[in-house]
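J.: One structure is given below, represented as structure tokens, and several questions about it will come after.
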Amino acid sequence: MEEPAEQHGGHEIVLEDSSRKARVRKHDDVTLYHFPLSLDSQKVRLALAEKNVTWRSRVVNLIELENLEPWHMRLNPNGVVPTLVVDGKQVTDSLQIARYINDEFPGHALAPLGEGGDREMDSWMQRADSLPLRELTYATLGGLAGRVARRSLSRRGPAIEKQLKAHPDLAEQYAAKLEAHDSFKSSVGSNENLAAAKSELEAAVNRLEQRLKSHDWLVGESYSLADIVWTPTLHRMSALGFDELWKNGRRPAVEEYFSRMKERPSFKKAISDFATTRQRLKVIAPRLVPMAVTATMAVAVLAAAAWLLT
């Protein structure tokens, strides 16, 4: 089921905010169930990297629909990645996991002090999380890679139905997953929804530009969870070609901000190191072998693997 565990990071005991001492404690067993190229997984890995947390990697292969397996549905009832397990405690939802990491682990605080700053940070995080990037990924990815990606989407419905019949004890979870899948599939095929999604992205980037014209960070006077969530969000937008919204001086504050975010050591640890050809081949190898694909098809599947999300 799982590949051998890989260790990542290392603890650095730094407590800048004495009010957090009561909440922060040592954790001996930290495991992240994730997919290398998943947007939500990137958010959580960034938080872990910024906190310098040592963690074990358990890849859930979305291409092989491993997230729909009963063991994973029991771990994460929504059948999505990531899930963080800390000393036996399961935490799901990428934003909740990021907050948990900041509260539970030592290191530099990733949230502004004060209730008002917390609310502002949460607002920026939710704004990024609600963007329709998953829909745009499947709708706009072109060529053979796009066809491969959309074919994987068509496999999910029958796979969920099969698991629903085979595991009545998980009927509620699989029924909810099937309903969500059908709704998502319909939205991907709608030109009206696609146009609205693109407009939503532009409005979000406009808001970013206005904030960053006069501030280095999205909230407060230092790097926070809001920046952690927006970094992979902008990275995905760029990969889909939506960096035209800020490149070439169109929105210079966003362009400069994103460049700074990519220069942080955590970006390499959490995103770049998980997007190498070797990493992509590791997750698509099970599908390449039985298909006996040509070199051209292998390249296309490899490209599509970058966009397959739960």
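Laboratory data are not the source of any read-out in this text; all were calculated from the coordinates shown. As the structure is a prediction and not an experimental result, all values here were calculated from the model. Note that each Cβ is placed from the backbone with ideal geometry, even for glycine, and that neighbours are counted across all protein chains shown.
J.: Which one, T140, V91, N78, projects farthest toward the positive side of the charge dipole computed for region 74-156 from Cβ point charges (K/R +1, D/E -1)?
T.: Going by the charge dipole, the pick is T140.
J.: Now for a different question. List T137, T233, T54 from most exposed to least, where exposure is judged by having the fewest other Cβ atoms within 10 Å.
T.: T54, T137, T233
J.: If you take the beta carbon distance between E202 and R56 as r and set R0 to 35 Å, what does 1/(1 + (r/R0)^6) give as a FRET efficiency, to the nearest 0.05?
T.: For E202 and R56, the calculated efficiency is 0.30.
J.: Ranked from highest to lowest mean number of other Cβ atoms within 10 Å per residue, what is the order of the peptides 203-214, 63-74?
T.: 63-74, 203-214
J.: Diagonalise the Cα gyration tensor of region 115-266 and give the resulting equivalent ellipsoid semi-axes, square root of 5 times each eigenvalue, largest first, whole Å.
T.: Square roots of five times the eigenvalues give 34, 20, 13 Å.
J.: Next question. Please tell me the relative contact order of region 79-119 in percent, rounded to the nearest whole number, where contacts are Cα pairs under 8 Å and at least six residues apart.
T.: Once divided by the residue count of region 79-119, the mean separation gives 21 percent.
J.: Compactness ratio of region 146-207: Cα Rg over 2.2 N^0.38 Å, N = residue count?
T.: Computed over Cα atoms of region 146-207, the ratio equals 1.48.
J.: Got a sec? Charge dipole of region 115-266, +1 on Cβ for Lys and Arg, -1 for Asp and Glu; which of L245, S154, L170 is way out at the positive end?
T.: Sorting the options by dipole projection puts first S154.
J.: Dipole magnitude of region 115-266 about its Cα centre, charges +1 at Lys/Arg Cβ and -1 at Asp/Glu Cβ only, in debye to the nearest 20?
T.: Value, rounded to 20: 840 debye.
J.: Could you work out the relative contact order of region 115-266, using alpha carbon pairs under 8 angstrom and six or more residues apart, expressed as a whole percent?
T.: Over region 115-266, the number comes to 29 percent.
J.: Shifting gears a bit: Past 30 Å, Cα to Cα, is the threshold; run K26/K282; K162/K262; K177/K247; K51/K89; K43/K198; K51/K198 against it and keep the listed order.
T.: K26/K282; K162/K262; K177/K247; K51/K198
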